[in-house]
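Undergrad: Structure provided below as structure tokens; questions to follow.
The values are calculated or read from the model by the stated rules, or taken from the named source; none is laboratory data. Because the structure is predicted, anything quoted here is derived from the model rather than measured. A quick note on method: Cβ atoms are made from the backbone with ideal geometry, for glycine too, and the neighbour counts reach across all protein chains shown. All accessible areas refer to the heavy atoms of the entire protein, side chains included, with ligands and DNA or RNA removed. Shrake-Rupley method; radii C 1.70, N 1.55, O 1.52, S 1.80 Å.
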Amino acid sequence: MERARRALHLAQDDEADALLSRSPLAALVGMLLDQQIPMEWAFTGPCTIARRMGGDDLDARAVAAYDPEAFAALLSEKPAVHRYPGSMAGRVQQLCRHLVEHYDGDAEAVWRDAGSGAELLRRLQDLPGFGKQKAQIFLALLGKQFGVRPTGWREAAGAYGEEGSHRSVADITGPESLEKVRAYKKEMKRAAKKATG
């Protein structure tokens, strides 16, 4: 099946976005890092890690085999890859170990032959650091921007799979849609705050 692969605009940085667009592992690691920090910071992370490891892409085997203390130090260098570089270094290595163990280090194999949206969601949820919401957002990103559309992918992605929505990174294609997603998230936070009184 021919897949329409779109250039991603999640890091809002040309080099980082180019890596996310061509590297399934970089996209997964960016999604993993996307919590408790601004999205652009998270999705610039894979490029920063690759550069600090002396390459222009991430390699699951190399990351998995890296000395954990040295890898944590690599993510902690200024500017840090994440607000919590030590714990996120551990998570990135866990993710890469899982990919080596279950997918021979090939991140794209997670979705390449998934027979249905439900199966793909299950595979994503099996990844270390991917809860249901993160898995659904990434599934929506795969469907909307990478053309990975097994039967039932929109349903499996839940609200994130809706066409024309601006809920998550799956919907960001440039500065205008980024602002719409930001506005949506701000509104959700405001509503949640109001609900808790």
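Undergrad: Failed condition for Ser168, given (1) open to solvent by 10 Å² or more (accessible area, probe 1.4 Å); (2) within 15 Å of the chain's Cα centre (by Cα), with all others met?
TA: The failed condition is (1).
Undergrad: Quick one: in region 176-187, which of the residues that are closer than 20 Å to Phe146 by Cα and either modelled with pLDDT under 85 or surrounded by 13 or more Cβ atoms within 10 Å (Cβ to Cβ) (or both) is farthest from the chain's Cα centre (by Cα)? Explain how you work it out, then say what you get.
TA: So the first thing to find is which residues in region 176-187 are closer than 20 Å to Phe146 by Cα, and the list is 176-178, 181.
In the following step, the residues that additionally are either modelled with pLDDT under 85 or surrounded by 13 or more Cβ atoms within 10 Å (Cβ to Cβ) (or both) were identified as 177-178, 181.
On the way: Ser177: 18, Leu178: 16, Val181: 16 Å.
Restricting to residues being closer than 20 Å to Phe146 by Cα and either modelled with pLDDT under 85 or surrounded by 13 or more Cβ atoms within 10 Å (Cβ to Cβ) (or both), the top hit is Ser177.
Undergrad: Here's another thing I want to ask about it. For region 65-101, which positions are touching a Gly at 6+ places or on another chain (Cβ under 8 Å) and open to solvent by 20 Å² or more (accessible area, probe 1.4 Å)?
TA: Matches in region 65-101: Pro68, Ala72, Ser76, Arg91, Gln94.
Undergrad: Return yes when Arg6 is under 24 Å from Gly143 (Cβ atoms), charged (D, E, K, R) and touching a residue at least 60 places away in the same chain (Cβ under 8 Å) and no when it is not.
TA: On the way: under 24 Å from Gly143 (Cβ atoms): yes; charged (D, E, K, R): yes; touching a residue at least 60 places away in the same chain (Cβ under 8 Å): yes.
When the stated conditions are applied, Arg6 passes them.
Undergrad: Just one of the numbered conditions (1) open to solvent by 30 Å² or more (accessible area, probe 1.4 Å); (2) farther than 29 Å from Ala157 by Cα is not true of Thr44; which one?
TA: (2)
Undergrad: Exactly one condition in (1) out of contact with any Asp or Glu (no Cβ under 9 Å at 6 or more places or on another chain); (2) open to solvent by 30 Å² or more (accessible area, probe 1.4 Å); (3) at pLDDT below 95; (4) in a helix (DSSP H, G or I) is not met by Thr173; state its number.
TA: (4)
Undergrad: Consider Ala135 carefully, then state whether it is within 22 Å of Glu40 (Cβ to Cβ), among the aliphatic types (A, V, I, L, M) and assigned to a loop (DSSP other than H, G, I, E, B).
TA: Values: within 22 Å of Glu40 (Cβ to Cβ): yes; among the aliphatic types (A, V, I, L, M): yes; assigned to a loop (DSSP other than H, G, I, E, B): no.
Considered against the rule, which asks whether it is within 22 Å of Glu40 (Cβ to Cβ), among the aliphatic types (A, V, I, L, M) and assigned to a loop (DSSP other than H, G, I, E, B), Ala135 comes out as no.
Undergrad: Still on this structure, please answer the following. Return the only residue of Glu179, Glu187, Glu163 being acidic (Asp, Glu) and farther than 28 Å from Asp14 by Cα.
TA: Just a single option satisfies the conditions, and that option is Glu187.
Undergrad: Which pairs do you get when a residue that is touching a residue at least 12 places away in the same chain (Cβ under 8 Å) and open to solvent by 40 Å² or more (accessible area, probe 1.4 Å), found in region 15-41, comes within reach of a residue that is outside any helix (DSSP H, G or I) and among the aromatic types (Phe, Trp, Tyr), reach meaning Cβ atoms under 8 angstrom, with the pair 6+ apart or on two chains?
TA: These pairs meet every condition: Gln36/Tyr84.
Undergrad: Identify, from the list Ala159, Ala135, Ala118, the residue that is in contact with a helix residue (DSSP H, G or I) (Cβ under 9 Å, 6 or more places away or on another chain), free of Cβ contacts under 8 Å to residues at least 24 places away in the same chain, aliphatic (A, V, I, L, M) and open to solvent by 20 Å² or more (accessible area, probe 1.4 Å). Working first, answer last.
TA: Working: Ala135 fails: open to solvent by 20 Å² or more (accessible area, probe 1.4 Å); Ala118 fails: free of Cβ contacts under 8 Å to residues at least 24 places away in the same chain.
That would be Ala159, the only listed residue that is in contact with a helix residue (DSSP H, G or I) (Cβ under 9 Å, 6 or more places away or on another chain), free of Cβ contacts under 8 Å to residues at least 24 places away in the same chain, aliphatic (A, V, I, L, M) and open to solvent by 20 Å² or more (accessible area, probe 1.4 Å).
Undergrad: Checking the conditions here, which among Arg190, Arg123 is open to solvent by 60 Å² or more (accessible area, probe 1.4 Å), part of a helix (DSSP H, G or I) and either in contact with a Cys (Cβ under 7 Å, 6 or more places away or on another chain) or not aromatic (Phe, Trp, Tyr) (or both)?
TA: Working: Arg123 fails: open to solvent by 60 Å² or more (accessible area, probe 1.4 Å).
Criteria check complete, one pass: Arg190.
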